[in-house]
Amino acid sequence: MADRGVDLSALPKEVRDQLAELDLELSEGDITQKGYEKKRAKLLAPYIIHTPPPPPQNVQPPAPSSSSHAPPPSSSSRYRERRARRTHRSGGTRDDRYRSDIHTEAVQAALAKHKEEKMALPMPTKRRSTYVQSPIETRTPPAVRRQSSVVAPQPQVNPNLQSPESWVNHIVQGSSTSSSASSTLSQEYKPQYQPLYQPHHQPQYQPQHHYSTLVQLKHKDIPLLPLTAHSENSAPPPDVTAVAPPARGPRVDLPSNAVVRGMSRGQSRSSMMETADGVPVSSRVSTKIQQLLNTLKRPKRPPLSDFFTDDAEEIVEVPQPDPNTPKPEGRQIIPVKGEPLGVVSNWPPALQAALARWGATQGKSPALTALDITGKPLYTLTYGKLWSRSVKLAYTLLNKLGTKNEQILKPGDRVALVYPNSDPGMFWVAFYGCLLAEVIPVPIEVPLSRKDAGISQVGFLLGSCGVGLALTSEICLKGLPKTPTGEILQFKGWPRMKWVITDSKYLTKPSKDWQPHIPTANTDPAYIEYKANKEGTVVGVAVSKVAMLTHCQSLTQACNYCEGETLVNVLDFKKDMGLWHGVLTAVMNRIHTISVPYAVMKACPLSWVQRVHIHKARVALVKCRDLHWAMMAHREQRDISLASLRMLIVADGANPWSVSSCDAFLSKFQSHGLKPEVICPCATSPEAMTVAIRRPGVPGAPLPARAILSMGGLSYGVIRVNTEDKNSALTVQDVGHIMPGALMCIVKPDGPPQLCKTDEIGEIIINSRAGGNMYYGLPGLTKNTFEVIPVNANGVPIGEIPFVRSGLLGFVGPGSLIFVVGKIEGLLMVSGRRHNADDLVATALAVEPVKTVYRGRIAVFSVTVFYDERVVIVAEQRPDASEEDSFQWMSRVLQAIDSIHQVGLYCLALVPANTLPKTPLGGIHISDTKQFFLEGNLHPCNILMCPHTCVTNLPKPRQKQPVGVGPASVMVGNLVAGKRIAQAAGRDLGLIEDQDLVRKHQYLTEALQWRAQTDPDHVLYILLNAKGVTVGTATCIQLHKRAEKIAAALTEKGSINTGENVVLLYPPGIDLIAAFYGCLYAGCVPVNVRPPHPQNLAATLPTVRMIIDVSKAACILTTQNLMRTLRSKEAAASVNVKTWPTIIDTDDLPRRRPPQIYKPPTAEMIAYLDFSVSTTGMLTGVKISHAAVSALCRSIKLQCELYSSRQIAICLDPYCGLGFVLWCLASVYSGHQSILIPPFELETSLSLWLSTLSQYRIRDTFCSYSVMELCTKGLGTQTDLLKARGVNLSCVRSCVVIAEERPRLALTHSFSKLFKDVGLSSRAVSTAFGSRVNLAICLQGTTGPDPCTVYVDMKSLRHDRVRLVERGAPQSLPLMESGKILPGVRVIIVNPETRGPLGDSHLGEIWVNSPHNASGYYTIYGEESLQADHFNTKLSFGDPHTLWARTGYLGFVKRTELLDASGDRHDALFVVGSLDETLELRGLRYHPIDIETSVSRAHRSIAESAVFTWTNLLVVVSELCGSEQDALDLVPLITNVVLEEHHLIVGVVVIVDPGVIPINSRGEKQRMHLRDSFLADQLDPIYVAYNM
């Protein structure tokens, strides 16, 4: 590389900036790799230090890896080293059955490539308690107990990495030259970890970039400058989370920082924070995010042109094929024929006939020896006994079950055989008994519990085979799980079963004249073998009598079985090779079988070798696992001879690790008489049965050659001998020749069965009389598997003969040898390339050191996420593995798989020991594991997601077009000709009817005085407590008198001048209302503030202080209690209590009247200030004039038809917006009675609001989303209880949710549905909409059509377009109209950039014009420009005279088919979301609520979630309401759902406790606070995952 000799830190700043810019361009895909290198070299050329070349010494080829400078040791010295190392070994275990030396070396070499560049990967942050390991049960795999025979060298640990600080100096951005780095980890060898508390260092960033670009640091001796947090705003944001109560704590309105200046809409708050301005940057979190960003800056493997492009429909396209992809070049394959099946004169006509013959003529000859748990012979069954017992069972089955006339079983019925692995004798008798009775046996595993892996799928098998009867032994029956009454459990998904015990003492001896019927073998099914497919479904492969017999004959011929031989069988005798050789062919040839159960192998792994030695066995049937276990235990036995073996059949000889197992076993046991030529791998499948088997060789003949294939070629299905890069090679051994009498082809695994070319890998298909016939009871599946007719390249069938698909992938090598490279069900298709699950497992296991996981417990599968398969690896972690070890192992597995297979992993999860679902013989149940992963039931203890690496098919980011505005805009498409402009208006305010005297009173103070005179005893307000008891009322005269007292106190005690601001600090109630009118009477401007929460002063008091300071309040009106709180010691801890303005407590004021009641000179004077904290954490105060107050009250009166005889109930926080107007102003204006329910009372008495509605027969009620949510969650299940208490909501005509956001449709729907049972009308619930510039724009009144709902396409919405779709369309989003537009209000939809009006159903900013618009922001600095922008804006064309206020919300207007009161068609306003809150990602606009809705659906344990961005990374915070062990389950599910539904990659997933996400009084999430708390490390998260 060009910069090898350059010290980057010494370069001038502009060069460093240009380099950083260049790296950014490369990572964003704006420049090719070649162009990047060229430009970089050019930049660095002047600074390169040229070193003279060293004099040539004995010239030798360069070292293979750039990091090793010493010549590689010669092979002999390397061998000596290895020998030396082996002699003194530490006790780490190493499971050689999965081991291939070639593979291990390849992996080590691949990882060594990354040694050069170290890079700090952010390690997940985990709360200690989350890491709970389950106790290890007794089922620890034997691999753990045995000392291993080979120990790999520990990798050299760099001494510099020991100190905890060292990682800080290593945050080096890896050079971006390796374009092959598909994995972000692929460039590094040993990641460093962060200590829990780090020194406050932070990689330097340059604020002029939007994405803080890192300067490249190459030398570890450059100290990184610590950055001062909060350069401008020194006040930290108020702590939201200091007290995180288990329930949602007190609602807290928190402004983010002391920046109160309003901001222009353009630079929304999110962009301000992008460069982490004003957050404590040097926190642990932001350092980790910085590290994550560094790793993500790497170029991904496909250049940008290969990315999926996003066409008009935003549908992902397939990438263009790479021209360098290897393609098959050979000729079309010719079917391969096996040798003819010989005809032997004394072969029996049926298998049962062979048993009858041996039972009669060789009765004393041993048929089967079973072993006990210690490996000693337990009993031997002779052929005579086997025959007589089978006949007895056959007779019993046909004649003794049921009554004389009504037998339960008849020939052809299916029965289940349920026998444990340790009891082969009973199984043999049952199997042959069924054959003799001509019923069809279906051997299955013994169910151990209801929760067995795959138990319900076994039920599917029994159902599809129509099984109603199960045969079992007495001991087995006793062990089955039972109900408390002693009956056998009904297993999940199983049909009803009758159980029959087949022990001899329960069988009946047949009468002399009864003989079993033994017909010549025909095509009727003889038995059914179960098979689980990739999805976990269990199907039954039916084998006909003739196929069973032919298969035995061809095995006899291929393996050259002779009468009377001895065979040791370690395999499962219920199916596959264990059944075919050890039960069926054995009986045909009168072989003596010694059956070694799995349990014995676990206790005494050498037992099968000892049996071969003792019985001088000629044949042994084993798997790689058994070879491996025997080698592990080999030291315990010296005098063993395997010289008698003529065949050692390796059943899984097709696995990638079988080669090394066979080699290692041979090298260990050759000295014990094992001959090399006796090892016979074979390939089988349940459908095709035995496909091929290596015949025993001639002593001294050369052994068959191996194939060394290129993994890259294999992934494209092409055979290429690997020569150049031995790291990515796969060594496979042949499985011998095809079976006698069979015909074999190789066809493409997907699509029509087209014949492959000779150098192409495909599925092996077989035509033979000895194979399965069908999937029993499943004709559709059968046709595709058992009746395949291969076609040639033109699609023409090559004959009539049907073939059977074997499910094996392979090719035909030289000399017609068959090579198998994998199974269809282990095939992972990722981006059009094939990877074999077993190969990936082998690579993962070759990563040293494996002290982290159990070798035999690794599952690899793929899940479909976002139009492609994604590879997932799950492994069981050892209980003693540390976090660091696990994380290191995981990151190295990522690199190894990336280097060798060129595929990125999507997820790597470690689960506690013994928690993965097991198959009956101890393997992993893959489909159940996958199911657990997708359902979130896996409970990992460590997880690493790498979506950035492997998701390469995202649509291209959107490029925004520049917007220019001119007269032509109308034609160009900002307005489409013929479309009506998107505007809507409420009805005219008009002149109010004459009899209403209020019209004389422009001011609320006059209205109150007039009511006090004309109707003094009319009750305006009733305040309820938690018990529903009235604790306060206010009549017109009482309210007027109280207001007078307060006005007098203000002028006397507070010596307040007119026009000064007074803060009102009250709990929700009547005092607040009196204080408000008291201020108006005294001529001051009230500022209503939510009081601090006494239990959470530290979080809530700073906000109060800030509003008091910002509003420059001259005085505070409050209650005695709150006054004490303000001056308390606790308060002094968070604010300066000495500098409060005058505090007046209004609890007991003297009876005084003010000299006169103030009347403002004009209606444009300010009536009050409305302060509120927006969801983005901005504190804004707006000025509301007297004219606006009366216009708003009048508008509400008209819309809701309010007058003196009416009653409404209000359950809202009365501190800002429409909530305050309804609580304090509307009743005085309209004269209706308001029943006030403080929302906090609902926390102690949930049903308070609903029972009040019922008790007072309320027709109109107003609430907030928080109240509705409390009722839905808390009372949803108790509607019957409410009914019993007599709650009836049929009186409610309208229930309006007061909000400043998009209507929460799901919540309002579920509320309506749940309380329908207590009479709530489905039409009652609606929403209101207001904003800062206009407190009430929409409110569903008493007249007018019901709110309508439309469905819009979410993909279009991201492009700022509205596309209406039908309900239920994919990616559709329901939007509900936000109530009816209020009288006197006009809205128009405007393009926020061009400020031109838009057409109907176009998305734009909602602008509003109305007499009750706010007059402007109340700001300290009086920034007029800002006010003009938000409050007095004109359109750029169209109607240039009207003054509009900008709401800052996106929405659209749609003309509906409904008619409004005046008979015109109704225009509905739909609010989509706040502009300030939107996230701009990949050029698209996202609304956080949409992503949060998806996230909350991902898992039942997600209570609430919030999203925000940080330096272009999407951060998802989710509250976990389940147990902490679910925390890590959420990470993949959240990542999946956001990728699937929003086409975004989540950067960081944070799992927190319930109640951590801060929520303001309106029930809105305060995402910016959350973001500040996260970056300042104040969340105490349960788990933080940094997605790679």
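The values are calculated or read from the model by the stated rules, or taken from the named source; none is laboratory data. All figures in this text were calculated on a predicted structure; none of them were measured in a lab. So basically every Cβ, Gly included, is an ideal-geometry build from the backbone, and we count neighbours across all protein chains shown. Accessible surface areas use protein heavy atoms only, side chains included; no ligands, DNA or RNA. Shrake-Rupley method; radii C 1.70, N 1.55, O 1.52, S 1.80 Å.
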### Residues that are over 23 Å from R331 (Cβ atoms), of a type in the set (G, A, S) and open to solvent by less than 10 Å² (accessible area, probe 1.4 Å), drawn from the range 682-714
A683, S685, A688
### Count of the range 1347-1379 residues which are in contact with a helix residue (DSSP H, G or I) (Cβ under 7 Å, 6 or more places away or on another chain) and in contact (Cβ under 8 Å) with a residue 60 or more places away in the chain
6
### Message
If I filter the range 526-534 for residues that are surrounded by fewer than 19 Cβ atoms within 10 Å (Cβ to Cβ) and either closer than 21 Å to A356 by Cα or aromatic (F, W, Y) (or both), do I get at least one hit?
### Response
no
### Query
R265: among the charged types (D, E, K, R), open to solvent by 20 Å² or more (accessible area, probe 1.4 Å) and at pLDDT 50 or above, yes or no?
no
### Subset of the range 1266-1305 [of a type in the set (S, T, Y) and out of contact with any strand residue (DSSP E or B) (no Cβ under 6 Å at 6 or more places or on another chain)]
S1266, T1272, T1277, T1279, S1290
### Message
Any residue in the range 826-846 that is farther than 14 Å from G717 by Cα sitting within a Cβ distance under 8 Å of a residue that is of a type in the set (S, T, N, Q) and assigned to a loop (DSSP other than H, G, I, E, B)? List the pairs, counting only those 6 or more apart or interchain.
### Response
D838/N655; A842/S100; A846/S100
## Note on the structure
The number of residues in the range 365-394 that are in a helix (DSSP H, G or I), in contact (Cβ under 8 Å) with a residue 60 or more places away in the chain and open to solvent by 30 Å² or more (accessible area, probe 1.4 Å) is 2
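Every residue, every condition in (1) touching a Gly at 6+ places or on another chain (Cβ under 9 Å); (2) not hydrophobic (A, V, I, L, M, F, W, C), yes or no:
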| residue | (1), (2) |
| --- | --- |
| T1349 | no, yes |
| V1352 | no, no |
| P1392 | yes, yes |
| F1431 | yes, no |
### Summary
S728 passes all but one of the listed conditions (1) modelled with pLDDT of 90 or more; (2) farther than 18 Å from F811 by Cα; (3) of a type in the set (S, T, Y); the exception is number (1)
### Message
Considering only residues that are surrounded by fewer than 19 Cβ atoms within 10 Å (Cβ to Cβ) and touching an Asp or Glu at 6+ places or on another chain (Cβ under 9 Å), which ones fall in the range 1241-1285?
### Response
T1279, D1280, K1283
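Residues are listed down the side, and each one gets a yes or a no for (1) surrounded by 21 or more Cβ atoms within 10 Å (Cβ to Cβ); (2) touching a residue at least 60 places away in the same chain (Cβ under 8 Å); (3) over 20 Å from Q1278 (Cα atoms):
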{"site": "L1307", "(1), (2), (3)": "no, no, no"}
{"site": "R1323", "(1), (2), (3)": "no, no, yes"}
{"site": "S1326", "(1), (2), (3)": "yes, no, yes"}
{"site": "V1333", "(1), (2), (3)": "yes, yes, yes"}
### Query
Does I1406 fit the bill of being out of contact with any helix residue (DSSP H, G or I) (no Cβ under 9 Å at 6 or more places or on another chain), part of a strand (DSSP E or B) and more than 21 Å from L1459 (Cα to Cα)?
yes
### Task
Determine if the range 1189-1203 includes at least one residue that is more than 30 Å from E1564 (Cβ to Cβ) and open to solvent by 50 Å² or more (accessible area, probe 1.4 Å).
yes
### Message
Restricting to the range 1-60, name every residue that is under 20 Å from L293 (Cβ atoms), at pLDDT 75 or above and open to solvent by 50 Å² or more (accessible area, probe 1.4 Å).
### Response
R16, Q18, E21
### Message
Based on this model, can you work out whether S1501 counts as open to solvent by less than 10 Å² (accessible area, probe 1.4 Å), under 25 Å from R1358 (Cα atoms) and either in contact with a strand residue (DSSP E or B) (Cβ under 9 Å, 6 or more places away or on another chain) or touching a residue at least 40 places away in the same chain (Cβ under 8 Å) (or both)?
### Response
no
### Number of positions in the range 1223-1282 that are among the small types (G, A, S) and either in a loop (DSSP other than H, G, I, E, B) or over 30 Å from E1006 (Cβ atoms) (or both)
9
### Query
Among (1) surrounded by 15 or more Cβ atoms within 10 Å (Cβ to Cβ); (2) assigned to a helix (DSSP H, G or I); (3) not small (G, A, S), where does R1302 come up short?
(2)
### Summary
Listed by first then second residue, the pairs whose first member lies in the range 440-462 and is without any contact (Cβ under 8 Å) to a residue 40 or more places away in the chain, whose partner is open to solvent by 40 Å² or more (accessible area, probe 1.4 Å), with beta carbons under 6 Å and at least 6 positions apart or on separate chains, are I455/K492; S456/K492; S456/G493; G459/G493
### Summary
Conditions (1) assigned to a loop (DSSP other than H, G, I, E, B); (2) farther than 23 Å from P495 by Cα; (3) open to solvent by 40 Å² or more (accessible area, probe 1.4 Å) -> N421 fails only (3)
### Query
Among I1557, I1551, which is at pLDDT 95 or above, surrounded by 24 or more Cβ atoms within 10 Å (Cβ to Cβ) and on the phi < 0 side of the Ramachandran plot?
I1551
### Task
Inspect all residues belonging to the range 1341-1358 and state whether any of them is within 30 Å of N1391 (Cβ to Cβ), of a type in the set (A, V, I, L, M) and either open to solvent by 30 Å² or more (accessible area, probe 1.4 Å) or assigned to a helix (DSSP H, G or I) (or both).
yes
### Task
Might you let me know whether the range 663-678 holds any residue that is in contact (Cβ under 8 Å) with a residue 40 or more places away in the chain, assigned to a loop (DSSP other than H, G, I, E, B) and among the hydrophobic types (A, V, I, L, M, F, W, C)?
no
#### Entry: Count - residues of the range 1029-1049 that are over 14 Å from L1008 (Cβ atoms), open to solvent by less than 20 Å² (accessible area, probe 1.4 Å) and out of contact with any strand residue (DSSP E or B) (no Cβ under 7 Å at 6 or more places or on another chain)
1
### Summary
Of (1) in contact (Cβ under 8 Å) with a residue 40 or more places away in the chain; (2) open to solvent by 50 Å² or more (accessible area, probe 1.4 Å), Q888 satisfies every one except (2)
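I'm trying to understand the selection: among the residues of the range 535-544, which are more than 40 Å from the chain's Cα centre (by Cα) and either crowded, with 22+ Cβ neighbours inside 10 Å or closer than 26 Å to A453 by Cα (or both)?
Passing the criteria: only V543.
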### Query
Do we have any residue at all in the range 1479-1488 that's in a helix (DSSP H, G or I), modelled with pLDDT of 85 or more and open to solvent by less than 10 Å² (accessible area, probe 1.4 Å)?
yes
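Looking only at the range 816-825, decide whether some residue is of a type in the set (D, E, K, R) and within 16 Å of A683 (Cβ to Cβ).
Yes, the range 816-825 has at least one match.
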### Message
I'd like to check something: does the range 1225-1233 contain any residue that is under 22 Å from T1327 (Cβ atoms) and open to solvent by 20 Å² or more (accessible area, probe 1.4 Å)?
### Response
no
